[in-house]
Number of protein chains: 4
Amino acid sequence: MNIFTALPDLAELAHQRLDPAVWAFLSGGAADERTLRANTQAWQDLPLWPRVLRPLSGGHTRVALAGRELAHPILLAPVALQRLLHPEGEWASALAAAAQGAGFILSTQTSVPMQRVAQAVLGDAGRGPLWFQLYWQADRGFNQALVQQAESAGFEAIVLTVDAPVQGVRDAERRAGFAPPAGIHAVHLRDSPAPPTTAGTYCAGLPAHAPTWDDVAWLQAATRLPVWLKGVLHPLDARQAQALGVAGLIVSNHGGRTLDTAPATASVLPRVRAAVGDQLPLIVDGGIRRGTDVLKALALGANAVLVGRPLMWALAAGGALGVAQALRLLRDELEAAMALTGCRTLADAGPELVTAPAYHRE
Amino acid sequence: MNIFTALPDLAELAHQRLDPAVWAFLSGGAADERTLRANTQAWQDLPLWPRVLRPLSGGHTRVALAGRELAHPILLAPVALQRLLHPEGEWASALAAAAQGAGFILSTQTSVPMQRVAQAVLGDAGRGPLWFQLYWQADRGFNQALVQQAESAGFEAIVLTVDAPVQGVRDAERRAGFAPPAGIHAVHLRDSPAPPTTAGTYCAGLPAHAPTWDDVAWLQAATRLPVWLKGVLHPLDARQAQALGVAGLIVSNHGGRTLDTAPATASVLPRVRAAVGDQLPLIVDGGIRRGTDVLKALALGANAVLVGRPLMWALAAGGALGVAQALRLLRDELEAAMALTGCRTLADAGPELVTAPAYHRE
Amino acid sequence: MNIFTALPDLAELAHQRLDPAVWAFLSGGAADERTLRANTQAWQDLPLWPRVLRPLSGGHTRVALAGRELAHPILLAPVALQRLLHPEGEWASALAAAAQGAGFILSTQTSVPMQRVAQAVLGDAGRGPLWFQLYWQADRGFNQALVQQAESAGFEAIVLTVDAPVQGVRDAERRAGFAPPAGIHAVHLRDSPAPPTTAGTYCAGLPAHAPTWDDVAWLQAATRLPVWLKGVLHPLDARQAQALGVAGLIVSNHGGRTLDTAPATASVLPRVRAAVGDQLPLIVDGGIRRGTDVLKALALGANAVLVGRPLMWALAAGGALGVAQALRLLRDELEAAMALTGCRTLADAGPELVTAPAYHRE
Amino acid sequence: MNIFTALPDLAELAHQRLDPAVWAFLSGGAADERTLRANTQAWQDLPLWPRVLRPLSGGHTRVALAGRELAHPILLAPVALQRLLHPEGEWASALAAAAQGAGFILSTQTSVPMQRVAQAVLGDAGRGPLWFQLYWQADRGFNQALVQQAESAGFEAIVLTVDAPVQGVRDAERRAGFAPPAGIHAVHLRDSPAPPTTAGTYCAGLPAHAPTWDDVAWLQAATRLPVWLKGVLHPLDARQAQALGVAGLIVSNHGGRTLDTAPATASVLPRVRAAVGDQLPLIVDGGIRRGTDVLKALALGANAVLVGRPLMWALAAGGALGVAQALRLLRDELEAAMALTGCRTLADAGPELVTAPAYHRE
């Protein structure tokens, strides 16, 4: 693999290596890509206030999440069809995640069987959580079967994606003429209706089979696993989910791939945290590129973060090794950011890290 | 016609196909084109807040306007001399509008006789409204004759343009040396004074024959058709029009073609809605390029939107078929935006869609 | 002369024609040219609110200034050494100003004798005011002699420049190595110390001979002409000048040529107007390029505007004819802006033209 | 040396002359260089309000600092390994500083022995202060030995850097592959552990040996010299330092080299001044490029400023002479800025210089 010094560098390495249509599928966003760009920009625009001369001895990046202690708060976001990026696909990225102590969320549209991914990961004592992401299918029975397979395979939570009742306006993908090549497909969806993220035409009539709050309740009853919702942005939706007893929320705009001009997750996160109080676990994704971004996310109330595209660029550029190096680099940057803001542990990271102190004489 | 994936793509297709001076006439704006750019930018800058897991079954894009139910809230803006863009001119764009259930407003400066346009459209049961736009002429008798022709031809409303008492500072047009070629002219204005949108010198002394509020009252009395005013931006003007009993207002800055640095319509619309209350029909135009823009317009109080330049680019690029495809695409994007914001119908679209929820714990 | 459609176009025409060092002298600003750019930008950033359907018949651009009625509110700013730009220098620009009814302010550093300029102008019944700009010289006697020459020659006011106690940081000029060529010099300063705008080193020790408030009082006593101050930005300085009984103020930052990062005049003008009340005449300059800019200046409280660089570009590009055409164009644009904002006369232009109306329902 | 007209010009001159890796080491910042750019931008974005007609006679740039009167408020920031830039390194820059009456802070990582630097400077009666910058080393004894050497050599204060407990994310440096060439090293650190600013890997575990508040107290007891802290941004840290009785603070974000997205020093300075009251000496650095920047810093509460990169560019471009010319130029610009804002002395520079006066009629 080529050398890289920071996650943003991986974009160019992956771009050179991938088919242009696959690149567009992976890295593009909805419509004019305003939300895609805003996600990254919003983290960078937040100021981070240094603190000095605090005791840092014994510091670490460990966090508690879902009843476990994780080595650090970084998880891999669910991404479809990772064999488009590297022959070993989800198997390689899951392996790298486990090696670096990072959690891993497998997409419904995985191109490697979920059992094979689970086998690669479950034996690693240092691994992070292993979760299964669910795209709601019109047939409840099919959903149930998928979830049961995931349970049997050893997955530890179900992550229901709620922000994609229809395909977004994927202009970049359509301009590039993206279609999965023969031999790479969503292995668990072979006999099911076309999944929502397959390129194609828009909704013909508004979708009648998108999931609703009732389906969330059904899903909670249908599995013994904790159920997370992914794609909640509005504080009122967050409260409704909380009232249903979900395990946690992933504050996400689907990486800017569905509704263009949806607000950046960095601007939404503190509103959601304020709405749900201190106890409900929140994970945020969208635009995280730097250790400083991770620290800001935790300062604004997230318990952990998902990283998607940059780690997929790493997969394309260097397979499992690339993903592992990128994760290590991001965690190193997080450690540096903690030291420079006087945080011995991530419990020290509160909103005051990203808030200008009042300008006043006392 | 070349393939396009979104309305903004049509600009380049049309640019390649059109004479540079015609391109400048169609796509340019006043002076430094600040308002032209601000119109587009302002819609994009508005955030759109997703909502999730709501029931979407049976959803649709229908709206009520002027006593009818329309399939969707998109109408074609009046544009002069469309035969400059395509040999079939207004006939083609009106046909496409009807085929897609879109309303159509014919310009005073039509290059196809109004009767021929009306015949193409009136027999289509699925068509939207057919209205006639009026540039006030110095001679009241001439205005009356034009309006009577429109009534006889089957037009259903008169849209009086009030924001162009003088020609704007059309630098782009003048730099390109635009003049209509022989054989393409405003067919209903052959014997009248030069219309305000013909390129030429500015006002010599301020215009003595621009329409006034008294002329609006005269026009209302002179026709049995409802009278709309197009080009109202200031809330006080909107109230004055409301007091005169106009049928509705088109909130517009003439597509950035008259007064440069006039505010973007997206920023003005909520002020006008607040000024006139809930009942007066409002249509907005200027910078609408995406289904998300249409949804934002309705969220801010518009009952419908006009689209001008993008559909004219489509006319230049592909004739009636191009216009129809562009309309279909815009409506598809609107449907996707509705689904992603949890709107089953457009009645669900209120200001909260574009307003950040309060940041507070309760 | 080449054709131009708007004043900004003249920059390129002049740039092509002038020696690079003269171009830098004319068009450059202080240091990083932040104020130079901010001046232009600030006018453009102000919104202008259209009003419709108002009676415009009998409208005109006339204003009262200094006890006279002027055809329009545009005056030529004092600019040094205009023979650098065109062989006929100040004589040509003054002639063009008079032909267009524009006022003219002759610089202390004129390259044409003041008497010759006055003779060209005074006989024209339609001319605007003819004023003499004074750079304070260390020797009071020399100042007195200059002012007496101006009185005798027929100049009607003295404009004391107060914002240049030292040369600005003229990096553009210095990089270009500007020095006036042989044969072009400040004709009334031949035997005096080097004037402040000659390129050279900065102050060696802070300047001991810059004018003070006492010198203003002395000047008022030393001449029978009204005394204006040019270069006042701070409201407290404006009040102090008002207390001394000056004839009026020119709100100016010397066209961005002295103190870089000084605020744009468009942002300062309303503060100065608020500080001095309604009666004291105010003229503003800096960045005026469009008729809309002129209208905004009057809306914010100016009685008239000065235009400098654009008319000097016109002088370089086309001599007296160029200046006259540029003035006519600017006035035409002003008329169009008035019509589109419903101003029959400039007395109708108040702060509400550039202020967003309140967003409320009543 | 090539001619330059302003400090920003020196960047290009140095860039041409230096090895690309050395250029990256000198001029790069942390991560995406947001703070690096923000530092410069923030000074430029502050408006500076001119004042006119005030008496300027006898004006000067003198300030009191640390019990002395300095000719002007500009000091050279500590920069490591200056022999990378010029064979004479710190000796040349210290000599130039003394010749121009500027203070000089020698880095712990000096490439010229501190005794040789001190000898070059101490005999110059017009010189500014000579201080020694300390990077805390894990071994207290080593720190003590360094400080005692500095005392013996004649240094007059110790400046403890507190904002670099870990190396920043120096991507520019790492991309360029920077490593000091043979023969240029930190002469006083030969036998010590690798200093924090040497390129290398990040913290492996959070740093156990970074200095703490207790170490500051130890250092104050261990030396008879006044102790300054460099790298304080947060007002609460400033107060804690004040409570410990430090001699003064340097408000700094390490020139954007440690924590990217830390706020610009221009935005932080007034908060720190408000927190510590009027008495504690404050110096600010980061992004100072112009005399107007220096004046703004003093207006916002600084007693003096440090300048780093621009003077190092001057060292690379022209050795001691280059540094001296750059200092003279900056001081000349400061004088011009003072004259144009009506400041006879720097005691006249208060917050009102950079604050828009209220907009009101009285």
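The values are calculated or read from the model by the stated rules, or taken from the named source; none is laboratory data. Since the structure is predicted, the reported quantities are computational estimates derived from the model, not experimental observations. Glycine gets a Cβ as well: all are built from the backbone with ideal geometry, and neighbour counts include every protein chain shown. Quick note on the areas: whole protein, heavy atoms, side chains included, nothing else; ligands and nucleic acids left out. Shrake-Rupley method; radii C 1.70, N 1.55, O 1.52, S 1.80 Å.
If the Cβ limit is 8 Å and pairs must be 6+ apart or interchain, which residue in the range D:326-351 that is within 22 Å of D:Pro55 (Cβ to Cβ) and more than 11 Å from chain C (Cβ to nearest Cβ) pairs with which residue that is open to solvent by 20 Å² or more (accessible area, probe 1.4 Å) and hydroxyl-bearing (Ser, Thr, Tyr)? Taking only residues 6 or more apart or on different chains, not a single pair turns up.
Among the residues of the range D:306-362, those identified as in a helix (DSSP H, G or I) and acidic (Asp, Glu) are D:Asp332, D:Glu333, D:Glu335, D:Asp348, D:Glu352. A residue that is more than 9 Å from chain B (Cβ to nearest Cβ), surrounded by fewer than 24 Cβ atoms within 10 Å (Cβ to Cβ), in a loop (DSSP other than H, G, I, E, B) and out of contact with any Gly (no Cβ under 8 Å at 6 or more places or on another chain) occurs somewhere in the range A:295-305.
Note on the range A:1-28: residues that are within 14 Å of chain D (Cβ to nearest Cβ), within 21 Å of A:Gly286 (Cβ to Cβ) and among the aliphatic types (A, V, I, L, M) total 4. Has the range C:285-292 got any residue that is touching a residue at least 40 places away in the same chain (Cβ under 8 Å), open to solvent by less than 10 Å² (accessible area, probe 1.4 Å), within 26 Å of C:Ala14 (Cα to Cα) and assigned to a helix (DSSP H, G or I)? Yes, the range C:285-292 contains a residue that is touching a residue at least 40 places away in the same chain (Cβ under 8 Å), open to solvent by less than 10 Å² (accessible area, probe 1.4 Å), within 26 Å of C:Ala14 (Cα to Cα) and assigned to a helix (DSSP H, G or I).
If only residues of the range C:221-239 that are free of Cβ contacts under 8 Å to residues at least 60 places away in the same chain and surrounded by fewer than 18 Cβ atoms within 10 Å (Cβ to Cβ) are counted, the one that is nearest to C:Asn303 (Cα to Cα) is C:Arg239. When the range D:136-156 is limited to residues that are part of a loop (DSSP other than H, G, I, E, B) and more than 16 Å from D:Arg116 (Cβ to Cβ), the one that is least open to solvent (accessible area, probe 1.4 Å) turns out to be D:Gln137. Determine if the range B:234-247 includes at least one residue that is at pLDDT 90 or above, facing chain C (nearest Cβ under 8 Å) and in a loop (DSSP other than H, G, I, E, B). Scanning the range B:234-247, I find at least one residue that is at pLDDT 90 or above, facing chain C (nearest Cβ under 8 Å) and in a loop (DSSP other than H, G, I, E, B), so the answer is yes. Scanning the range B:71-110 for residues that are acidic (Asp, Glu) and open to solvent by less than 10 Å² (accessible area, probe 1.4 Å) returns a single hit, B:Glu90.
Would you be able to say whether some residue in the range A:36-49 is part of a loop (DSSP other than H, G, I, E, B), crowded, with 17+ Cβ neighbours inside 10 Å and in contact with an Asp or Glu (Cβ under 6 Å, 6 or more places away or on another chain)? Scanning the range A:36-49 turns up no residue that is part of a loop (DSSP other than H, G, I, E, B), crowded, with 17+ Cβ neighbours inside 10 Å and in contact with an Asp or Glu (Cβ under 6 Å, 6 or more places away or on another chain). Among the residues of the range C:252-279, the one identified as touching a strand residue (DSSP E or B) at 6+ places or on another chain (Cβ under 6 Å) and away from every other protein chain (no Cβ under 11 Å) is C:Thr265. The set of residues in the range A:7-35 being in a helix (DSSP H, G or I) and of a type in the set (D, E, K, R) consists of A:Asp9, A:Glu12, A:Arg17, A:Arg34.
When A:Arg68, A:Arg54, A:Arg62 are checked against the criterion of being open to solvent by 20 Å² or more (accessible area, probe 1.4 Å), touching a residue at least 12 places away in the same chain (Cβ under 8 Å) and closer than 21 Å to A:Ala326 by Cβ, A:Arg62 stands alone in meeting it.
The selection criterion, being farther than 22 Å from C:Leu329 by Cα, of a type outside the set (Val, Ile, Thr) and at pLDDT below 95, holds for B:Gln137.
A single entry from C:Arg309, C:Arg271, C:Arg331 fulfils the requirement of being over 30 Å from B:Val162 (Cβ atoms), basic (Lys, Arg), surrounded by fewer than 24 Cβ atoms within 10 Å (Cβ to Cβ) and modelled with pLDDT of 95 or more: C:Arg271. Across the range B:83-96, not a single residue is classified as under 19 Å from the mean Cα position of the chain (by Cα) and within 14 Å of chain A (Cβ to nearest Cβ).
Summed over the range D:277-313, the residues that are of a type in the set (Ser, Thr, Tyr) and under 15 Å from D:Val79 (Cβ atoms) give a count of 0. Give the range A:116-135 a look and list any residue that's open to solvent by 10 Å² or more (accessible area, probe 1.4 Å), under 21 Å from the mean Cα position of the chain (by Cα) and of a type outside the set (D, E, K, R), or say none. A:Ala120, A:Leu122, A:Gly126, A:Tyr135, listed by residue number. Mind checking whether some residue in the range A:206-223 is within 19 Å of the chain's Cα centre (by Cα), charged (D, E, K, R) and modelled with pLDDT of 95 or more? No: the range A:206-223 contains no residue that is within 19 Å of the chain's Cα centre (by Cα), charged (D, E, K, R) and modelled with pLDDT of 95 or more.
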